[in-house]
Amino acid sequence: MNGSARPLKNSLVSLYRAALEGVDPGRAVKRSLSDPAIGRALAKAQHIGMFAVGKAARGMAEGARSILWDEGLTILPRGYSRGRLARSRVLIASHPLPDRSSVRAAEAALAFFAGFGPRDLILCLISGGTSSLLAKPRPGLTLAAKRTAIRRLVSSGASIIELNRLRSRLSAVKAGKLGRATPARIVSLVLSDVPGDDPAVVGSGPTVRGHRGDRTRVVASNRSGMRASAAEALRRGLVPIFFRRRLAGEAFDEGRRFARAAARLPPGQVLVGGGETTVSLSDRPGRGGRNLEFALGAAAELDGATDLAVLSAGSDGVDGNSRAAGAFVDGATMERARSLGIDPGRGLARHDTEPFFRRLGDLLVTGPTGTNVGDWAWAMRKRR
């Protein structure tokens with residue numbers, strides 16, 4: 001992004017940070033634990049277990065520290081900080097594709113749930129990434145066969161809902177099967193990364209079993225982050241406008257649609273979008289992700305409109321297999337690429353978009369954020 005667009009870039013980063021604050025997993029769990037119905041359920045329990053799994057597991061578990069559980073189990077993705085989780089065993093498993101560590105984590109979870117009785121309660125803290133971290137194939141199916149089926153569907157550009165439906169059919173723990181491993185009551189607090197925020201879909205719903213007496217709450221979602229960033233925009237004297245629908249479909253095409261809507265913005269307005277797009281991968285993809293392809297699509301549409309800028313970024317800080325959360329573009333992005341002899345079409349065809357944005361200096365690199373509610377995009381026009 002050129003120097004004249006630096007103020008826009010800084011403002012977009014501020015909106016991203018505000019969105020992350022709006023889906024802080026610890027604060028979201030604390031708010032939900034003040035629900036009287038949940039408080040009564042916890043008070044009646046003879047013993048309390050705490051089970052946290054997903055990209056936001058550590059933050060959610062820290063938000064539940066006021067609950068004096070008897071035993072805890074936390075499962076995190078490889079590379080995520082363990083922090084200091086008192087009274088909880090911590091396991092590390094594989095994401096985005098499961099491996100033997102994911103099977104071991106699922107088996108540990110089944111044993112953990114089986115250790116509680118009908119007068120007990122398990123507080124379950126579920127977030128995106130759970131599907132890969134808990135991966136025990138159903139009887140008669142190998143892990144290799146399950147991985148192949150999931151990889152094939154991912155490469156086709158399937159949505160998260162389609163992926164989680166397949167994962168549930170192939171699993172011994174998803175779709176409530178983990179929850180059915182215990183006679184204890186279950187309280188599930190869910191950080192949603194799926195369209196519609198159905199807790200039975202988030203992480204393939206391992207603890208949502210439909211038993212009377214169970215409690216299930218969605219504590220934050222993609223929309224929560226959008227609202228928080230809109231509030232930050234207002235604080236900065238800007239007018240937020242929400243994109244007309246949830247971001248979905250092929251990332252490059254959706255980026256172009258988002259940019260076309262942004263082109264109609266008057267000065268002082270911010271376009272806010274959220275959701276999760278898809279990428280139909282080639283046989284040997286390079287390094288990139290859906291946010292980088294979304295940004296590239298926006299750059300193609302904005303070519304020449306130098307008073308507009310766009311940021312597309314993942315709430316988890318990890319875009320596909322790249323090292324970035326997302327990327328910035330503006331109306332000068334394509335011209336700068338041409339002047340450097342960079343061919344965006346080649347990177348797009350090979351799904352190798354990280355090198356394109358790295359050479360331009362327009363990657364947003366945050367590292368894992370400790371939360372996960374899908375992706376966001378913002379567009380802003382320079383004020384006159």
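The values are calculated or read from the model by the stated rules, or taken from the named source; none is laboratory data. Keep in mind the model is a prediction, meaning the values are calculated, not measured. Note: ideal-geometry Cβ built from the backbone for every residue, glycine included; neighbour counts use all protein chains shown. Calculation scope for accessible area: heavy atoms of the full protein, side chains included, ligands and nucleic acids excluded. Shrake-Rupley method; radii C 1.70, N 1.55, O 1.52, S 1.80 Å.
Among ALA220, ALA158, GLY249, which residue has its Cα furthest toward the positive end of the charge dipole of the stretch 156-308, with +1 on Lys/Arg Cβ and -1 on Asp/Glu Cβ?
It is ALA220.
Given Cα positions, please report Rg to Rh for the chain, the hydrodynamic radius being the Kirkwood one.
On the way: Rg = 21.3 Å, Rh = 21.2 Å.
With Rg and the Kirkwood Rh in hand, the quotient comes to 1.00.
Can you bin every Cα-Cα distance in the stretch 140-237 into 5 Å intervals starting at zero and give me the percent of pairs per bin, rounded to whole numbers?
Bins of 5 Å from zero give 3, 12, 17, 17, 16, 13, 10, 6, 4, 2, 1, 0 percent of pairs.
Rounded to the nearest 20 Debye, what is the dipole magnitude of the stretch 45-137 about its Cα centre when Lys and Arg each give +1 and Asp and Glu each give -1 at the C-beta?
Values: 12 positive and 6 negative charges, 56 e Å.
Dipole magnitude for the stretch 45-137 comes out near 280 debye.
Under a 10 Å cutoff between Cα atoms, tell me which one of GLY341, GLY196, GLY157 has the largest fluctuation in the Gaussian network model of the chain.
Result: GLY341 has the largest fluctuation of those listed.
Students often check this: by mean Cβ neighbours within 10 Å, which of 108-116, 368-376 ranks highest, and how do the rest follow? Before the final figure, lay out each step's value.
Numbers: 108-116: 18.6, 368-376: 25.7.
Order by mean packing, descending: 368-376, 108-116.
About its Cα centre, how strong a charge dipole does the chain have in debye, to the nearest 20, once Lys and Arg get +1 and Asp and Glu get -1 at the Cβ?
Details: 61 positive and 33 negative charges, 147 e Å.
Using only the charged Cβ atoms, the result is roughly 700 debye.
Rolling a 1.4 angstrom probe over the protein heavy atoms, how many square angstrom per residue are accessible across the chain? Kindly include the intermediate steps, with their values, before the conclusion.
Details: 15540 Å² over 384 residues.
Dividing the accessible area of the chain by its residue count gives 40 Å².
For the stretch 123-198, calculate the relative contact order in percent as a whole number, restricting contacts to Cα pairs under 8 Å that are 6 or more residues apart. Can you show the working numbers first?
Working: 58 pairs, mean separation 39.5, N = 76.
Averaging sequence separation for qualifying contacts and normalising by length gives 52 percent for the stretch 123-198.
If you add up the charges near CYS124, with Lys and Arg at +1 and Asp and Glu at -1, over every other residue whose beta carbon is less than 14 angstrom from its beta carbon, what do you get?
On the way: positive: LYS174, LYS177, ARG180, ARG185, ARG209, ARG215, ARG217; negative: GLU71, ASP120, ASP214.
Here the count lands on +4.
Using only the Cα atoms of the stretch 263-384, what are the Rg and Dmax in Å?
For the stretch 263-384, the Cα radius of gyration and maximum Cα-Cα distance read 13.9, 46 Å.
Under 12 Å Cα-Cα from LYS9, which aspartates and glutamates qualify once same-chain neighbours fewer than 8 residues away are excluded?
ASP307, ASP330, ASP362
Local charge sum around ASP253 (other residues, Cβ-Cβ under 12 Å, Lys/Arg +1, Asp/Glu -1)? Spell out each step's value before the answer.
Values: positive: ARG256, ARG257, ARG260, ARG290; negative: GLU250, GLU254, GLU293, GLU301.
Local net charge: 0.
How large a share of the accessible area of the chain, in percent, is made up of carbon and sulfur atoms when the probe is 1.4 Å and the other protein chains stay in place?
Values: 7750 of 15540 Å².
Summing carbon and sulfur atoms, their accessible area is 50 percent of the total for the chain.
Anything over 29 Å Cα to Cα? Flag those among LYS30/LYS136; LYS146/LYS177; LYS30/LYS382; LYS30/LYS55; LYS55/LYS382, in the order listed.
Values: LYS30/LYS136 31 Å; LYS146/LYS177 17 Å; LYS30/LYS382 38 Å; LYS30/LYS55 18 Å; LYS55/LYS382 35 Å.
Pairs exceeding 29 Å: LYS30/LYS136; LYS30/LYS382; LYS55/LYS382.
Between ARG31 and ARG152, what length in nm is gained on full extension when 0.36 nm per residue of separation is reduced by their alpha carbon distance?
On the way: separation 121, 0.36 × 121 = 43.56 nm, distance 3.92 nm.
Gain on extension, ARG31 to ARG152, equals 39.6 nm.
Between ARG235 and ALA248, what is the label-to-label distance in nm when each label sits 7 Å out along the Cα-to-Cβ direction?
3.2
What order do VAL194, VAL208 take when sorted by accessible area (1.4 Å probe), most exposed first?
Values: VAL194 0, VAL208 40 Å².
Most to least solvent-accessible, the answer reads VAL208, VAL194.
Order 15-24, 127-136, 98-107 from most to least packed using the mean count of other Cβ atoms within 10 Å. Spell out each step's value before the answer.
Working: 15-24: 23.1, 127-136: 28.5, 98-107: 19.5.
So the peptides 15-24, 127-136, 98-107, ranked by packing, come out 127-136, 15-24, 98-107.
Just to confirm the filter: which trypsin sites (Lys or Arg not before Pro) across the stretch 61-96 are DSSP coil and have at most 13 other Cβ within 10 angstrom of their Cβ? Can you show the working numbers first?
Numbers: sites: ARG65, ARG78, ARG82, ARG84, ARG87, ARG89; in loops: ARG65, ARG78, ARG82, ARG84, ARG87.
When the trypsin sites (Lys or Arg not before Pro) of the stretch 61-96 are filtered for loop state and at most 13 Cβ neighbours within 10 Å, ARG78, ARG82, ARG84, ARG87 remain.
Can you tell which of LYS44, LYS174, LYS146 shows the greatest fluctuation in a Gaussian network model of the chain with Cα springs below 10 Å?
The residue with the greatest mean-square fluctuation here is LYS44.
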